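Quick one: the structure is below, and I'll ask about it shortly.
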Amino acid sequence: MNAPDRIAAADVLEVAGKAYRSRLLVGTGKYRDFEETARAIEASGAEIVTVAIRRTNIGQNAGEPNLLDALPPSRYTILPNTAGCYTAEDAVRTLRLARELLDGHALVKLEVLGDAQSLYPNMPETLAAAKTLAAEGFQVMAYCSDDPIMAKQLEDIGCVAVMPLASLIGSGMGILNPWNLQIIIDRVQVPVLVDAGIGTASDAAVAMELGCDGVLMNTAIAKAQDPVRMARAMKLAVEAGREAFRAGRMAKKPYEASASSPEGGLIAPSGSARKKTA
Amino acid sequence: MAIHVTLNGTAREFPSALTFAQLIDELALAGRRLAVERNGEIVPRSRFGEARLSDGDRIEVVMAVGGG
């Protein structure tokens, strides 16, 4: 969808045929406890919340609190992810388990990592997993590199959203290549969400001003000094950036100033003081 | 007859081929939201009452945790 078409559409985020009012998606990792998780996510206004799938802690779990009690699936759209998977096979197995865990829920976040240092996506494995998952009826939101060709291929496979990184997961470095994001936004029809690398509110606003359909973040909120306040800041930033995008920014005029006040009616008309003393 | 399985990566022995429902009880996980895989295949919750562990099974029991 090109930029004007995106503006013309009703302003909800539509993913896999379902409309969401919030364009901010949040992760649930790295918080102090589930209470802080729940308060930050409430402040963020997010409706889609991503969770990881892990082995239960056999033998030590009596009375252990459960994340899905803090974030009930009746209130939030739970987006299971494949964080930590390095092969297509592991990612597919993880999401089959997630679908069983969440009573047949089909919307998932696919991420297949390439190496533990950069957590950069392994795109050949991501594409392979996306193919299998789409064939099995999953609605795949795919974490990907900011390569427009990869994003397009994910769309062609049937992914319901593409989620290019702004910068490395958990780095807080913001948007390193706005030009690539712009190409992806212009070329891909499904929603484009920036996932990974957001550090602070201005990063989220910039992503939305570029025309992204949404932003997914975790660390920027969870590792802020005050996560609940940062969650609110991110909510406002995403809304502000979206509104700025919809409003259409003024043209940049690098070599030409333009006064905002009227040029006439000054008490000392331009140049008169200098003429008198000359 | 005792069976040996690998449960979440750890070797475990059970005195008999118990059902998945009995396994979940045994692990004090009853009532929790979880999913089970046996040898790479999902064991649907609807089959926990009848499906039984077999000797040599590789079993994964997973839950949702915080993550991004």
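What list of ³J(HN,Hα) values in whole Hz, one per residue of segment A:49-57 in order, does the Karplus curve 6.51 cos²θ - 1.76 cosθ + 1.60 (θ = phi - 60°) give from phi, with Gly and Pro shown as x?
With coefficients 6.51, -1.76 and 1.60, one gets 10, 8, 10, 9, 10, 9, 4, 5, 7 Hz.
While we're looking at this one, here's another question. For segment B:31-40, take each phi angle, set θ = phi - 60°, evaluate the Karplus expression 6.51 cos²θ - 1.76 cosθ + 1.60, and give the result in whole Hz per residue in order, putting x for glycine and proline.
So the J values, rounded to whole Hz, are x, 8, 7, 8, 9, 10, 10, 10, 6, x.
Rounded if a/c is under 1.5, else prolate if a/b beats b/c, else oblate: with a ≥ b ≥ c from the C-alpha gyration tensor eigenvalues square-rooted, which is segment A:1-158?
The shape class here is oblate.
Among DSSP beta bridges whose residues both lie in chain A, state the antiparallel percentage, nearest 5.
On the way: 4 of 26 bridges.
So the antiparallel bridges amount to about 15 percent of the total.
Oh, and also: Report for segment A:21-145 the percent antiparallel among DSSP-assigned beta bridges with both residues inside it, nearest 5.
10 percent
What distance in nm separates the two pseudo spin-label positions at A:R21 and B:E13, each 7 Å out from Cα along the beta-carbon direction?
Placing both labels 7 Å beyond Cα along the Cβ direction yields 5.9 nm.
Could you give the length gained on full extension between A:N177 and A:I267, defined as 0.36 nm per residue of separation minus the Cα-Cα distance, in nm?
27.5 nm
Oh, and also: Chain A: longest stretch without exposed chymotrypsin sites (Phe, Trp or Tyr not before Pro) (DSSP loop, at most 16 other Cβ within 10 Å), sites themselves excluded?
So the longest stretch without any such site is A:87-254.
What residues qualify as long-range amide H neighbours of B:V65, i.e. H under 5 Å apart, gap of 5 or more or another chain, H built at 1.01 Å from N?
Long-range HN contacts for B:V65: A:A52, A:I53, A:R54.
Something else now. Which pairs break 20 Å Cα to Cα here: A:K30/A:K131; A:K30/A:K152; A:K109/A:K131?
Check vs 20 Å cut-off fails for A:K30/A:K131; A:K30/A:K152.
Report the paramagnetic label zone for A:R246: residues of segment A:201-233 whose backbone N is under 16 Å from a point 7 Å from Cα along the Cα-to-Cβ axis.
Only A:205, A:208-215 pass the distance filter.
Here, each number is a calculation from the coordinates, and none is a lab measurement. These numbers come from a predicted model, not from an experiment. In this analysis, Cβ positions are derived from the backbone assuming ideal geometry, glycine residues included, and neighbour counts consider all displayed protein chains.
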